[in-house]
Structure formats: C-alpha cells, structure tokens
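Only one structure is covered here, and it is reproduced in the block below.
Coordinate-derived values only; no laboratory data. Worth saying up front: this structure is predicted, and the values here are computed from it rather than measured. With ideal geometry, Cβ positions are generated from the backbone for all residues, glycine too; neighbour counts draw on all protein chains shown.
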Amino acid sequence: MSYEMVKDTFFEAFKGKYVRALITGPNMEIVRKAAYDSTATPSAVIGRVEGGVESFVPKSKTPDGRFGAIVQYWLGGDDVDKFAYELSYRIRQDILVKPFTRVFDYADKISDEYIHMMDIVGHCGDGYEWLVEKYNRRMINVPIAVPDFQIEEKFVLNDGIMGGNFWYLCDSQDAVLRGGKMAIEAIGAVNYVITPFDICSAASKPETNFPDIGPTTNHNYCPSLKDKLGQHSKIPEGVNYIPEIVVNATNEESMLKAIKEGIDACLEIDGVIGISAGNYQGKLGDKVYNLLDILK
C-alpha cells in the first residue's frame, strides 16, 4: 500500500491504568446493552474513567458458559482510589441493573495491584451480600429483585497506554462515515485495544479560554473557521472534515498494530485524501510515535 497521503508527523500517548473485564449474560442483547452502556462516555480528558468494548465472545469462551463481552475501563494517572470510585458507577448503574448479568476479572497481565469490589459494588446488597466459590472464581453475590447479580471479588489493575490517535482528512461526509466505519472494524480485529470515542468529530487542545470546561476545540483545524482564521488556519486544501480515531491499548505493540490497521482501512476509501495526527509538540504525552515509522 502507498503511504504518500500520510503526513510525516507524530501522535503523543501516555500511561494509564486499566481494568479488563468480562461481562456475561443470558443473551447477546443484554450483554451488548451492558457492555455499551458501561463504556459509553469517553471521559479521560476530564479526569474520569472511560471505557470501550474490546470484543464479544461466544459461550464456549466464558467461565459460566454464557454470552460475553470483553470490556476495558481506563483512568489516566495513578489515583487508584479515584479509579475504583469512578469504576463503581459504571458497574452499579450500567451492569448490575441489567437482568442476569455477571462480571469477571479478565486481566491479560499479572499485577500486584487490585481493585476490591466488596466496598464499592458488593455492598449494594445492603449487608445481605455473600461470597461464593463458583466458576473457579471467588464471586460476590449481591441479592437483587431479579436474583442475583454476581461480580468477581477483585480485579487486576494494570498499566497500559492511552491516547494513540490518527486523523483521516476527508472531502465528503460519506468519506467520514465510511472511512470511520472501516477503521473501527479493522481495529476491532486487534486484541487488547479499544476506541473510546469511536469516530471522534471534535479534536481538542489542552490550552483553553475556559478551563472549567476542560479541553476545548482545536480551532486551527476547524473547517468552519478557515476563512475567519485566514493564514492561521491549518486546514489543507480540499479538506472539509477532520475526524479522529483514538486508541487505548493494554500494550504498545497492540496499539501500534491498531493504528496501522485503522490507517490502512481508511486509505481504501474514496474521499479520504490524507492522514495526519493530533499532537501538541510533545507537551502532552510522554511517548511520541511517528506515523510513517508505524506504517513501515
């Protein structure tokens, strides 16, 4: 494949902490709902937990022989207590309330750090919860009105890599949607990665006139501001849309493979006329990756 349309630039990535979990249920409809609801909001940019669906797995691949979804939950930084508190919302409000669901630890690496689930999730049983040995796991049984929710007693907490990204520059709305769909599907075939934003239409920058909001629009790359900004606009000729794909991964190798697969898929689409990346001159992430080096 030719990479003539790929800009010689880089993206920045940074360390994050993640939990890799398996949600199971009696049918795929409930599993999908629990998985997507609990990972729906990409919120690491505002200092909260974000997540994504890594893949769906058949009954033969789950501890309880039911339909399953592998999900990841992430937080930038090292505040484990905050991670646990934020993660508990995702589990309690988006999974526990779905009928007949269970959640298992599905760690891909060994770690000495854990998040214990009794205080943050188990006590939803109001003191009536109990521990059971089942599925070769130690599970908390939380009595609820559609009996009963079960979750593994502790989850491995690991270090991974967040914020890998690329931009695919488009001349049409159709290219945005088709290119993004193909990229997300290609990345979905790579193990250990998630795309927390799916197709992201709002590239941001760390400096802002409104710090209470958090990251705001990367104005130099907004097509609707091209005339207003004049020579300060960084929109290339013929480009009308600049969507972004963001990747978090449990390991560097998987992240780089996902970026390459996503770019390759985008370049197959008519109307995708360039590839670039979001970076901040190396000021945001502690790891820097050149796109052309990844594509070699």
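In table form, for the structure just shown:
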{"quantity": "FRET efficiency, 1/(1 + (r/R0)^6) with R0 25 Å, evaluated for Ser60 and Asp126 via beta carbons", "calculated": "0.10"}
{"quantity": "Fewest-first ranking of Glu12, Glu268, Glu4, using other Cβ atoms within 10 Å as the exposure measure", "calculated": "Glu4, Glu268, Glu12"}
{"quantity": "Ranked Cys170, Cys222, criterion: other C-beta atoms within 10 Å, fewest first", "calculated": "Cys222, Cys170"}
{"quantity": "Qualifying GluC sites (Glu not before Pro) for region 124-208 [loop in DSSP, other Cβ within 10 Å: at most 15]", "calculated": "Glu207"}
{"quantity": "Long-range HN-HN contacts of Gly16 with modeled amide H, under 5 Å", "calculated": "Gly160, Ile161, Met162"}
{"quantity": "Sorted by Cβ density within 10 Å, fewest first, the residues Trp74, Trp167", "calculated": "Trp167, Trp74"}
{"quantity": "Estimated vicinal HN-Hα couplings, Hz - region 205-213 in sequence order (Karplus 6.51, -1.76, 1.60; Gly, Pro = x)", "calculated": "9, x, 7, 7, 7, 9, x, 5, 7"}
{"quantity": "Contour excess over end-to-end distance, with Cα ends at Ser111 and Gln173 and 0.36 nm allotted per residue", "calculated": "17.9 nm"}
{"quantity": "Whether region 16-158 is rounded, prolate or oblate, judged on the alpha carbon gyration tensor where a/c under 1.5 counts as rounded", "calculated": "rounded"}
{"quantity": "Length added when fully stretched, Phe100-Arg32, from 0.36 nm per residue minus Cα-Cα", "calculated": "23.2 nm"}
{"quantity": "Interchain or long-range residues, amide H under 5 Å from Tyr114's placed H", "calculated": "Leu157"}
{"quantity": "Region 198-286: chymotrypsin sites (Phe, Trp or Tyr not before Pro) in DSSP coil with no more than 16 other Cβ atoms inside 10 Å", "calculated": "Tyr280"}
{"quantity": "³J(HN,Hα) computed for each position of region 185-192 - Karplus, 6.51 cos²θ - 1.76 cosθ + 1.60, integer Hz, glycine/proline x", "calculated": "5, 5, 5, x, 7, 9, 6, 6"}
{"quantity": "Label point distance in nm, Ala189-Lys296, each placed 7 Å from Cα along Cα→Cβ", "calculated": "2.4 nm"}
{"quantity": "Amide H within-cut-off set for Ala107, under 5 Å, with H built and near neighbours excluded", "calculated": "Val156"}
{"quantity": "Taking region 225-296 and dividing mean pair separation by its residue count, relative contact order in percent (alpha carbons under 8 Å, at least six apart)", "calculated": "23 percent"}
